[in-house]
Amino acid sequence: MILPIVAYGDPVLKKEAEEIDQNYPDLQKLISDMFETMYHAKGVGLAAPQIGKSIRLFIVDGSPFADEEGDEPDPMAAGIENFKKVFINPIIEEESGAKWAFQEGCLSIPGIRENVQRKEKVLVTYYDENWVFHEESFDGYAARIIQHEYDHIEGVLFTDHLSPLKKKLLLKRLGNITQGAIQVDYKMSFPGAKKPRMI
Ligand code: NI
């Protein structure tokens, strides 16, 4: 089932999300709905707050990054074709390496992409969809996707990393997203729309 994606301006996106345990109801159904929702919207990551649930869960599938046709292999894309994962109660234990800029976008902020600086490597602990514990390192695009999605469960959006000036320049467009005054080809819910409006 495709779920509506919550738009910028909804308070759920600014909340620090809560851990879950193995008794969380219908978790497998939620995970499969989140994958369906993410693929429909052509995203590479989706965090539970983006579908209105303030819990520490996100999913990723970085394989679209592997499809780009280039003459030379992109070092940042190493291993990305198999980067389909579920992260439950993740903790970024360590970030390391040099900061690099990447144009990030977000399914909750359609149409806006901006450069965000983040470190190149992460060490993460998490549970997968079978409640198996993992400790793993990621770099390149995989690390980038994890950092972006991890921010979501901390109540942080990529726009929060922009300079005050950059953010000021985006204010009107961000306001339009909140109001639902945008064109988007997947289902969203807009906190500022007069009536909840679905597209
Ligand atoms: Ni996002």
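Bear in mind these aren't lab numbers, they're just calculated from the coordinates by the rules spelled out. For clarity, every value in this text was computed on a predicted model and none was experimentally measured. Using ideal geometry, Cβ is built from the backbone for each residue, glycine included, and neighbour counts are taken over all protein chains shown.
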222 nm mean residue ellipticity, helices alone, for the chain (DSSP H n ≥ 4; -39,500 (n - 2.57); rounded to 500) = -7000 deg cm²/dmol
Listed residues ILE112, ILE51, ILE177, most fluctuating in the chain (Gaussian network, C-alpha, under 10 Å) = ILE112
Pairs to check: LYS121/LYS194; LYS85/LYS168; LYS99/LYS168. Give those whose C-alpha atoms are more than 31 Å from each other in this structure.
-> LYS121/LYS194; LYS85/LYS168
Given the options SER108, SER54, SER96, state which has the largest fluctuation in a GNM of the chain using a 10 Å cut-off (strictly under) for Cα springs.
-> SER96
Gaussian network model of the chain, springs between alpha carbon atoms under 10 Å - residue of ASN130, ASN115, ASN176 with greatest fluctuation = ASN130
From the residues ILE177, MET1, ILE145, which one has its Cα farthest along the dipole of the chain in the positive direction, the dipole being from +1 and -1 charges on Cβ of Lys/Arg and Asp/Glu about the Cα centre?
-> ILE177
Nonlocal amide H pairs with ILE55, under 5 Å, H built at 1.01 Å | GLU18
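Among ARG118, ARG113, what is the fewest-to-most ranking by other Cβ atoms within 10 Å?
ARG113, ARG118
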Listed by chain and number, the aspartates and glutamates with an alpha carbon less than 12 angstrom from that of LYS15, same-chain partners under 8 positions apart left out, are ASP151, GLU154
Looking at the square roots a ≥ b ≥ c of the eigenvalues of the Cα gyration tensor of the stretch 125-199, which shape do they give, rounded for a/c under 1.5, prolate if a/b is larger than b/c, or oblate?
-> oblate
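Can you divide the C-alpha Rg of the chain by 2.2 N^0.38 Å and report the result to two decimal places?
It is 1.00.
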Can you pick out the pairs among LYS167/LYS187; LYS29/LYS119; LYS14/LYS187 whose Cα atoms lie more than 22 Å from each other?
-> LYS167/LYS187; LYS29/LYS119
